[in-house]
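> I'd like to ask some things about the structure below.
The values are calculated or read from the model by the stated rules, or taken from the named source; none is laboratory data. Bear in mind the structure is a predicted one, so any value in this text is a computation, not a measurement. Cβ placement follows ideal geometry from the backbone for every residue including glycine, while neighbour counts extend to all protein chains displayed.
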Amino acid sequence: MNDQEPDALLAAAVRLRTEGRPEEARQRLLALSAARPADAEVAYQTAWTHDVLGLEAEAVPFYERSLRGTGLRDEDRRGALLGLGSTHRVLGQYDRAVEVLSGAVEEFPDDGALRTFLAMALFNTGEHHASARLLLELLAATSEDPHVRRYRAAIAHYARDLDETV
């Protein structure tokens, strides 16, 4: 394999996944991952493809490998963190999901998707106030609904203390 061939193979596998042929993509990515075990992008794409196929348990080690490696673009790192946290949640590993997603939110505080998935994981751990707070803060900060915008300050205020009544 020359240096450009793996990039072409990776692009072809990603294209197969996006065209609705994830099992073919998976087979190609597994071979590429075996040939390039230190390649963070290959590991990320392999994890993602496993998730698409509903093979969450098999996706976890590839997500972890991608995050240990170097060279992931920020957008792909965000995706890998969200994928790993969400996958732990789907597998019922709620505390691990909260751990991964909390770290991801610290790293990327502007990412509303990460905060949303963290809120779901917090809900699963019984942290209902923290979950609702995150979602209300996100709603107040990002909603374009004119009725929500009208009450943005009040929503943000009450998000900090849901038990406040006065």
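Matching residues to (1) within 30 Å of ALA25 (Cα to Cα); (2) modelled with pLDDT of 95 or more; (3) in a helix (DSSP H, G or I); (4) not small (Gly, Ala, Ser):
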position: THR49; (1), (2), (3), (4): yes, yes, yes, yes
position: SER66; (1), (2), (3), (4): yes, yes, yes, no
position: ASP76; (1), (2), (3), (4): yes, yes, yes, yes
position: GLY85; (1), (2), (3), (4): yes, yes, yes, no
position: SER102; (1), (2), (3), (4): no, yes, yes, no
position: LEU118; (1), (2), (3), (4): yes, yes, yes, yes
position: PHE123; (1), (2), (3), (4): no, yes, yes, yes
position: LEU136; (1), (2), (3), (4): no, yes, yes, yes
position: ASP163; (1), (2), (3), (4): no, no, no, yes
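> Taking into account only those residues within region 1-30 that are free of Cβ contacts under 8 Å to residues at least 12 places away in the same chain and among the aliphatic types (A, V, I, L, M), which is nearest to ASP74 (Cα to Cα)?
For region 1-30, the residue satisfying everything is ALA11.
> Among residues belonging to region 22-46 that are of a type in the set (A, V, I, L, M) and surrounded by 20 or more Cβ atoms within 10 Å (Cβ to Cβ), point out the one that is farthest from the chain's Cα centre (by Cα).
Filtering first and then ranking leaves LEU32.
> Related question: Could you please give the count of residues in region 63-99 that are aromatic (Phe, Trp, Tyr) and either touching a Lys or Arg at 6+ places or on another chain (Cβ under 8 Å) or surrounded by fewer than 18 Cβ atoms within 10 Å (Cβ to Cβ) (or both)?
Of the residues in that region, 0 qualify.
> Same structure, new question: Can you say whether ALA132 is in contact with a Leu (Cβ under 8 Å, 6 or more places away or on another chain) and either within 16 Å of VAL105 (Cα to Cα) or assigned to a helix (DSSP H, G or I) (or both), as far as the supplied structure shows?
yes
> Something else now. Out of region 112-133, which residues are more than 20 Å from VAL90 (Cα to Cα) and either among the aromatic types (Phe, Trp, Tyr) or surrounded by 16 or more Cβ atoms within 10 Å (Cβ to Cβ) (or both)?
Hit for region 112-133 is ARG133, nothing else.
> Further, regarding this structure: For ARG96, all conditions in the list (1) in contact (Cβ under 8 Å) with a residue 24 or more places away in the chain; (2) in the same structural domain as ALA130 (by TED's automatic domain parsing); (3) of a type in the set (D, E, K, R) hold save one; what is the number of the exception?
(1)
> Identify, please: which residue in region 102-129 is among the small types (Gly, Ala, Ser) and within 19 Å of the chain's Cα centre (by Cα) and is, among those, nearest to SER86 (Cα to Cα)?
Among them, the one singled out is ALA121.
> Test of understanding: among VAL90, VAL98, VAL105, which residue is farther than 18 Å from LEU138 by Cα and among the β-branched types (Val, Ile, Thr)?
Values: VAL98 fails: farther than 18 Å from LEU138 by Cα; VAL105 fails: farther than 18 Å from LEU138 by Cα.
Going through VAL90, VAL98, VAL105 in turn, the sole match is VAL90.
> Residue check: is THR49 of a type in the set (Val, Ile, Thr), surrounded by fewer than 17 Cβ atoms within 10 Å (Cβ to Cβ) and touching a residue at least 24 places away in the same chain (Cβ under 8 Å)? Step through it out loud before you land on a result.
Numbers: of a type in the set (Val, Ile, Thr): yes; surrounded by fewer than 17 Cβ atoms within 10 Å (Cβ to Cβ): no; touching a residue at least 24 places away in the same chain (Cβ under 8 Å): yes.
So THR49 does not fit the description; no.
> Now for a separate question. Looking at ARG133, ARG96, which is the one that is of a type in the set (Lys, Arg) and within 15 Å of the chain's Cα centre (by Cα)? Steps first, answer last, please.
Numbers: ARG133 fails: within 15 Å of the chain's Cα centre (by Cα).
After ruling out the rest, the residue left standing is ARG96.
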